[in-house]
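Heads up: the structure comes next, in structure tokens.
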Amino acid sequence: MKTQAVAALKADYPLPVLLAVAGLARSTFFYHQARLDRPDPHAGLKAAIAEAFEAARGRYGHRRIHAVLARDGWRVAKKTVRTLMNALGLACQVRRPRRCRSWPGRPGTTAPNLLNRQFNADAPDTTWVTDVTEFRIRDRKLYLSPVIDLFDRSVVAYACGPSPTLELTNSSLRAAIATLPAGARPLVHSDSETVSAGVAPGFPARERDGRGRMLVPGAPRAS
């Protein structure tokens with residue numbers, strides 16, 4: 001950058017003054033100026049990289065671009081492809097899934113796994129399962145918390161929200177409990193750490209097994 005600036009201004013200002021201001025030695029300036037005047041040895045490779053990147057609609061990183069180039073007969077190192085992509089300002093637009101690092105909340109009491117992977121029920125309203133699922137809609141996230149009856153796989157109730165909070169899961173549980181007939185006390189099972197993070201007022205104590213599953217041994221009766 002300094003060499004380019006000095007070269008652009010040397011027609012209007014004395015070269016020794018420009019070199020002193022830029023902190024460049026005379027030999028260094030002429031060396032880099034000669035390099036700038038040379039043709040780009042990677043011009044063809046840059047064009048191939050840009051073409052492959054455009055064909056992939058910006059979804060390929062340097063590793064997959066390198067694979068495309070190798071398939072087309074180019075023999076070049078991955079680091080060279082990465083360096084040239086950075087120089088061209090080409091970056092993959094697809095984000096890798098990020099692991100959730102939020103604090104799961106206050107842990108519950110460890111208890112035996114009552115469900116024990118028996119995902120079938122002999123009667124309705126005896127075994128429910130619930131979890132939180134994340135959906136990405138454009139630049140936002142939406143979280144769905146359904147309650148499903150294992151008897152017929154029907155959705156008893158659900159709740160949606162912008163965050164996987166305890167209130168979201170409790171909302172779906174409240175709506176599901178409101179549908180219970182008198183005397184029904186289903187077992188509620190969840191694999192979600194968010195669901196098992198706390199206890200809301202009016203809900204029974206929740207127990208978790210060694211894998212973090214939340215088990216509610218009997219939901220309160222519907223009023």
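Each reported figure results from applying straightforward, stated rules to the coordinates on display, with no laboratory input. Given the structure is predicted, the values throughout are model-derived calculations rather than measurements. As a convention, Cβ positions derive from the backbone with ideal geometry for all residues, glycine included, and neighbour counts pool all protein chains shown.
If you project the alpha carbons of segment 2-88 onto their three principal axes, what span does each projection cover, largest first, in Å?
51, 23, 18
Compute the FRET efficiency between L142 and D72 as 1/(1 + (r/R0)^6), taking r as their Cβ-Cβ distance and R0 = 35 Å, and round to the nearest 0.05. Please list the in-between numbers first.
Working: r = 41 Å, r/R0 = 1.16.
With a Förster radius of 35 Å, E is 0.30.
For Y60, Y13, Y143, what's the fewest-to-most ordering of other Cβ within 10 Å of each Cβ?
Values: Y60 22, Y13 11, Y143 18.
In order of increasing Cβ crowding within 10 Å: Y13, Y143, Y60.
Scan around A157 for amide H atoms under 5 Å from its own, H built in the peptide plane at 1.01 Å from N, and keep only partners 5 or more places away or cross-chain.
Placed amide hydrogens put V147 under 5 Å from A157.
How do L150, L15 line up, fewest other C-beta atoms within 10 Å first? Numbers along the way, then the final one.
Working: L150 20, L15 14.
So the ranking, lowest neighbour count to highest, is L15, L150.
Between the alpha-carbon centers of segment 126-164 and segment 1-64, tell me the distance in whole angstrom.
First find each Cα centre; the distance between them is then 54 Å.
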